[in-house]
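What follows is one structure encoded as structure tokens, with my remarks underneath.
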Amino acid sequence: MGREVSESCVDSVIIEMVSAYCNRFYVNKPDLAARRIEAIGYQVGLQLSESYTRILLVARYTMERPRFSDHLEAIKFICKDFWSELFKKQIDNLKTNHRGTFVLQDNRFRWLTRMSSDPSTANTDSSQDPSVATAENKSTQATSMHLYFPCGIIRGALSNLGIPCAVSADISNLPACELQLSVCFSITCMITR
Amino acid sequence: MIVCVAVVGHQNNPLYLQSFTEADDELKLHHIVQCSLDVIDERVNNPKKTGPTLNETFLGLLYPTENYKVYGYLTNTKVKFIFVTTDLDVRDADVRNFFRRFHSAYVDAVSNPFHVPGKKITSRTFAERVSTIVKSFGMSAAA
Amino acid sequence: MEDYAEELRTPPVSLVSLVGCPELHATISSYLHSEQPPINTLALPDFSKISVMARTQKETLDSGHPGGILKRDWILKHRTRVPAVVAALFTSDHVSGDPAQWLQVCTDLENLKAVVRGRNIKLVVVVVHSTVKEHSCDAPASRKEVSLDTIEEKLVFNADEVSEDRMIALRKRAEVDSKYLVIFVQNDSSELKQSLNRQAIFFKLGSIFAELSNTYYRDEGRRIKTRIERKSFKSIELNIRYCFKARASTLFFSIKKCLIGCIMPSKLQTIVSFTDWKRNAEEISRVAVYAEFHRDWVEALRFYEDAYHVLREMIGTSTRLPAIQRLVEIKTVAEQLHFKVSTLLLHGGKVIEAITWFRQHNASYRKLMGAPEVVFLHWEWMSRQFLVFAELLDTSSTTILNTSTLILGTPERPLTEWELHSAYYYHLAAHYLREKRSCLELALSASETANEIDSNSESVIPSIYVGQSTRLLQQGDAFAMQHLTDAEYILFALAEGKRFQDSFEIIALFKKSFESYSDIKAQRMASYCGYRLAREYFSISDFRKAKQHFDGVASLYRHEGWVTLLWEVLGYLRECSRRIGSVKDFIEYSLEMAALPISSSAGVQSPNHKGEYGPAGPASLPQREIIHKEVFELIKGESVSASNEGASNLDITGDQPLHLEIDLVSPLRVVLLASVAFHDQVVKPGVPTLLTLSLLSQLPLPVEIDLLEIQFNQPECNFTITNAQKPPLVASSNGEEGLRVENAPVLALHMDKWLRLTYDVKSEQSGKLECISVIARMGSRFAICCRAESPASMDDLRLWKFEDRVETFPTKDPSLAFSGQKAIQVEDPDPQVDLILGATGPALVGESFLVPVRVVSKGHTIHSGELKINIVDAKGGGLVSPREIEPFSIDSHHVELLGILGPDGEDESQTGPENIRKIQQSFGLLSVPFVNIGESWSCKLEFKWHRPKPVMLYVSLGYSPHSNEATAQKAHVHKSLQIKGKTAVVIGHRFMLPFRRDPLLLSKIKPAPDSDQVASLALKETSILIISAKNCSEVPLQLLSMSIEVDEDENRRSCTVQHGGENPIDPALLVPGEEFKRVFSIIPEVNTPKLGVGTVCLRWRRNPGFEEKSCSGTIAAEVVTSHKLPDINVEMAPLIVSLKCLPHAILGVPFTCYIRIENQTQLLQEVKYSLADSQSFVLSGFHNDTIFVLPKSEHILGYKLVPLASGSQQLPRFTLTSVRYSAELQPALAAYTVFVFPSKPHFTVEDVGEKKTEPSATE
């Protein structure tokens, strides 16, 4: 459904937004910037989930239970349909301890594919020498800034499906980057590039 | 003939409510819609009671008032569509079809970037689409 | 349901009639009544009364010309007047009496039979024996038995007067089967027999009656069923025929009516009596009869239902009565049929069927409104249907518990949840009753001739037919029924309708549905019913009840944000509180309404819809503004505009000003929302910090605030903001003077716009400073107290958050909007007092070490100051050594705080009792007296080190800079100091053998494995002990004395210790590193391997240097360091070799030296000795030899020696070997040195006491 837009446009829009919030609106207030970016993502997530559930509904209208009965179905929806709508692929791996922790793993997170960071510094743990550490931190911060938006989207979608959650992203082990959806139970998406 | 259409949000708050009657029974329609939320809760909370429409987005006939019939529909995002009709015999297919079209209209409305989710729907285009859907109700037009 | 006749509601009971012998009736009827199923009895004293059973004149007349469908009293008749069985009681003497009596009996029987046959009632004849003569029974009695079992046989035998042929004749006349001829003995002589007989007879009678009535009803049923089957089709086709020849003759019609009319009651009769009787039986019957029962039940239902359908068909057809009354009649009958059907269904637990049946019933009759004038009758009827069904559901609610599981209804017509609950029906009943009321009012207003309604309504009475009413006309003394014309009937109905006050009924219904909806947790339905209920209360102007119910409803609508509904309810509430006259509520509701999120587009209503809306009027922006204006006029003091009706005695009197509280959950948050944000989290006391106060109001019109009061938890921070435009209010709270007053250029709140005010706040008092509330005063008598909220944790307005509007931040700075708090932390004031710990050098173990503490106040006066002293091990670990467990041992702490000395030496504890003072080994608490600015106070902490341990000393002074306020927070000064403890003196000791006298100590030769380190001394030999004390501290010490205390007295005998020389008189000053030695001689007295010598006590003190003299005049206290000497091993030396020789010799001059070998044993000792050569001496005598030393004697060797070299020379080395002990003894080298003078010196002996002799050469 709907019209499509070039992916590069989407990328550039996101990058532009992040840079605008980080470097123009809230300079040296990164937490505030992150908050705003996440809020935007949240709203986008809400709206996307509306339309994507609708898509799901149309697709499976013959199915006898189109309505989600429990959280797991909603999570599956996020992993399969939502993810593939948004990132053109499904989650690679979904783990859960049945007390509510879900780990979603995407080995090639679409929106980070064009993000550059050299693995050498990435792999070196930032405790060795301060200069590398700071550089490392900088790059990490930049990347995490770009991750707040997808986090917001996932959070918005889930909460719109009735799963209130808080999504946080940490990229401790680049290039593998891990965004953590902590719901009333917690979900961990690890996104590897 | 459909006399009232409503969209109700997560917290059972009205997001959109439009009545299509000349009569001044708008309040009554408000009441009817609001009361039908009880039935929706009932069906969602213990679905075993409602046999045919199990876990379907379409909730079927909610309840017959003295001279209205109320039908309900629950999206996966816990948004409820309700319409009130005066027709005595309504075909199930018509209702489903109506809701299907209504749902798409709703999705388009909330996907508008200038619409803040969770707030009332004030888009005029939405209102127009809804009125056309309402008008075409009964004559089984494909969605 | 109650307004139904009792016989309709309860299952009918079969009726039996007793005729004759009235004296027996009571007992029999009571018995029958107690029978299960009970049987009612119609007791007729004598046969003249039997006419009651006969078809009355009226009936016969009616049967010819039926006036209605269903007689009002037909069930009643079957219960009270028409028995199923008649029992004719004859006394035996009548039966067997003279012909006249017999004739009487026969005639009675005949009459009875005549009556009975008309209704084919069953007949039973009972012959009663009044008197019994007791005599033996004999064989012929058996002939007399009339098909009765043994007991009767006996009875019959007793009744021997009645001859058998009479009996048979009686039976013949009565035409009853022989077993229906019962012989009844009235009174038997023997009680037991009597009771037996009574029971037997009664049992028999009961069974007979039951059986007969059962058969009677069944026959009736069959009879009429056949009649129906014969006639029903005919009636139908008659109906059909009738449909197109509507102009047929009345006679013809009457026949049709007769058919239909007779179908109905007969059906009913059978079914009722039959099925209900069965159901009655079912209650007590066992499962065995179930199947049969069930069958009948179904049948009964079937009959009811097709009766119902036939009736439904009649509606279009019959014109017997005028239209209105016909409809009324049909509806009434249908109502009763429906009632029966649903009762049966529900009692059978077929809830779904019942509900669907009710649906059909409802659907088929809803549209039959009838004539417009009396449409209210229809609504009344409808509401009654719903009410009755609801009550039925309630009564049989026990059976419908399992509805939660069943799949509702059919897929095409699914049942919905509420249709299972009585609440739904109550609700609709109330709804229809409201319809009825409105229609009735309409009709009443329409019918102008109200007075003559009453005039001609009184003579109307309900007719004998259900649902009909006729007029009673009095012609002379005879009464005649006359059918009413519809016009009359309308008037009558109107009059009837006027008599009833429907509102209370409606209220009751709504309340019922409200409650039952609440029970099934359908809160919205419940609140809707509550809303209607409240509106009813409102309409009958019971405003308090209305208000209470509206309140409940409003809370739900508020919570779910149904603005339009809330508006409506609030309008009512407002009106209610206006009528009640409670100003506060009125203002609150008005403000809330005015602040509701209703845009003008929401309520485009044409004014003619006014009726639909409550007193609030349509929900629209102009309306909000009107209300806003009104309430603010009221606040300003003008009373409410007289436009709205009702006693508006609302105004705020000056003496009790109106005060609204708005907290976080109040619905009035939309009216005024105050968010307070400090610009930073912590602040120093006395330093101003910025505070932004943001006010938001959703009132449609701008609001001018005259005065704002901002209140903190620290009242001295409160301040007020006055409006520049307004003159300062005189009435405003001038109570507390000296309050800060700010002046704002404008204090006007515009709808949905934040009013942001930023001021600085300064707090002197540390701790939490929190803004509690903001009070907005408008006018002199009105104030809104609004709880302050911090923007960080502020939740959005409950109703407005759904509105499509731009969210604005309370503060300009968004980060402050996210993180701003209404509370701020005020730090402690930084102290202006010095705490000086003057510690000098390291502490010495054993001494009491004084740490002087000085408190010098520079900026603050010290009130209620207190000093905390705390010592911890500098290297972490505790100060308590794990070795000592016992708490009171002085050594349990390596370092301990002994005490605290006041400024001038005296102990602090002497000063007043108010001073806190607490001292433990490692902790001390001490109160500091008042110290004024510039003054100082000092004390000394006295510590004692038991082990050389470095210690961290923490001293903290807490005080309050301001006098006499307990609330004032304290300032704190902390100081810490590391003090290392050192051991002052190290004491060493050494044992030495006496000069040139060497005992042979075997332990030295062959050391025992354990006693290697223990010094061994020879018994009764003087040996030397040298004690040395070394000062290893950095400070010079003064030795006062050194002595050896022999602790145990037995050691005093065991060894004697003499001090060589005496104590040093003037204290020996020991500079650091210097060592002090002292010599003691010790003579062991007893032979023991372990001899405690004693402990060395060293008394010393610090050498008072200048600085200590200066700071404290007292010289340091002397310290006793004690050192326990190790035990020594004393043994008896068997041989002692001592050398006797001059201390010096002269070169070339021969001299003699003797070596004496003492044998201290009782044995002969063989010793070898050898004398080594030495180049500096030449000697004569054996170099080596073996000699025997006699016991307890000595052997002396003498040598002459000539020194060959001068200087200190070694004598030839002498070695002795004891053969017995195979031990070699070699005297110490030092003992064998002599000084050889080159020439003979001169000696001038100066002092005798001098030990050492210095040689002075003289030429």
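All of the numbers you see were taken from the coordinates with simple rules; none came from a lab. A quick note: this is a predicted structure, and the numbers were derived from the prediction, not measured. FYI the Cβ positions are ideal-geometry reconstructions off the backbone, even for glycines, and counts take in every protein chain you see.
When only Cα pairs under 8 Å and 6 or more residues apart are kept, what is the percent relative contact order across chain B?
Relative contact order of chain B: 25 percent.
What does the charge count around residue A:29 come to, taking other residues whose C-beta lies under 12 Å from its C-beta (Lys +1, Arg +1, Asp -1, Glu -1)?
Net charge around residue A:29: +1.
Find the Rg to Rh ratio for the stretch C:514-578, where Rh is the Kirkwood radius over alpha-carbon pairs and Rg uses the same atoms.
Rg/Rh for the stretch C:514-578 comes to 0.97.
With 10 angstrom as the radius, rank A:113, C:91 by how many other C-beta atoms surround their C-beta, starting from the fewest.
The fewest-first ordering by Cβ neighbours comes to A:113, C:91.
From the backbone phi of the stretch A:4-13, what are the Karplus-calculated ³J(HN,Hα) couplings (6.51 cos²θ - 1.76 cosθ + 1.60, θ = phi - 60°) in whole Hz, Gly and Pro given as x?
10, 9, 4, 5, 4, 4, 4, 4, 5, 4
Checking the table B:69/B:135; C:1020/C:1200; C:545/C:636; C:1168/C:1200; B:119/C:547 against a 22 Å threshold on Cα-Cα, which pairs fail?
Over 22 Å apart, Cα to Cα: C:1020/C:1200; C:545/C:636; B:119/C:547.
Quick check: net charge around residue C:500, other residues with Cβ under 10 Å of its Cβ, Lys/Arg +1 and Asp/Glu -1?
Neighbour charge sum, excluding residue C:500 itself: 0.
Mind checking the full-extension length gain between residue C:978 and residue C:1206? Use 0.36 nm per residue of separation minus the Cα-Cα distance, one decimal, nm.
Taking 0.36 nm per residue and subtracting the Cα distance, the gain is 75.9 nm.
Taking 0.36 nm per residue of separation and subtracting the Cα-Cα distance, what length does fully extending residue C:812 through residue C:828 add?
2.7 nm
Report, for the stretch C:1135-1258, the % of DSSP beta bridges that are antiparallel, rounded to 5.
If I count the DSSP bridges inside the stretch C:1135-1258, around 90 percent turn out antiparallel.
Could you give the Stokes-Einstein D for the stretch C:658-826 in µm² per second, using the C-alpha Kirkwood radius, 4 °C, 1.567 mPa s?
80 µm²/s
With viscosity set to 1.567 mPa s at 4 °C, what whole-number translational diffusion coefficient in µm²/s follows for the stretch B:2-142 from Stokes-Einstein and a Kirkwood radius over Cα pairs?
Rounded, D is 85 µm²/s.
Collect residues whose amide H, placed 1.01 Å from N in the peptide plane, falls under 5 Å from the amide H of residue C:1201; neighbours closer than 5 in sequence don't count.
Long-range HN contacts for residue C:1201: C:1151, C:1152, C:1153.
Which semi-axis lengths, in whole Å and largest first, follow from the square roots of five times the eigenvalues of the Cα gyration tensor of the stretch C:1118-1189?
36, 24, 10
Quickly rank C:514-522, C:545-553, A:20-28, C:418-426 as a protection proxy: mean count of other C-beta atoms within 10 Å, highest first.
The peptides rank, most packed first, as C:418-426, C:545-553, C:514-522, A:20-28.
Could you please report the charge total around residue C:933, scoring K, R as +1 and D, E as -1 over all other residues with beta-carbon less than 13 angstrom from its beta-carbon?
Overall, the nearby charge balance is -1.
With label points built 7 Å along Cα→Cβ from the Cα atoms of residue C:1168 and residue C:1243, find their separation and express it in nm.
My value for the distance between the label points is 3.9 nm.
Between residue A:84 and residue A:4, what length comes free when the chain is fully extended (0.36 nm per residue of separation minus the Cα-Cα distance, one decimal in nm)?
Working it through step by step, the gained length comes to 27.4 nm.
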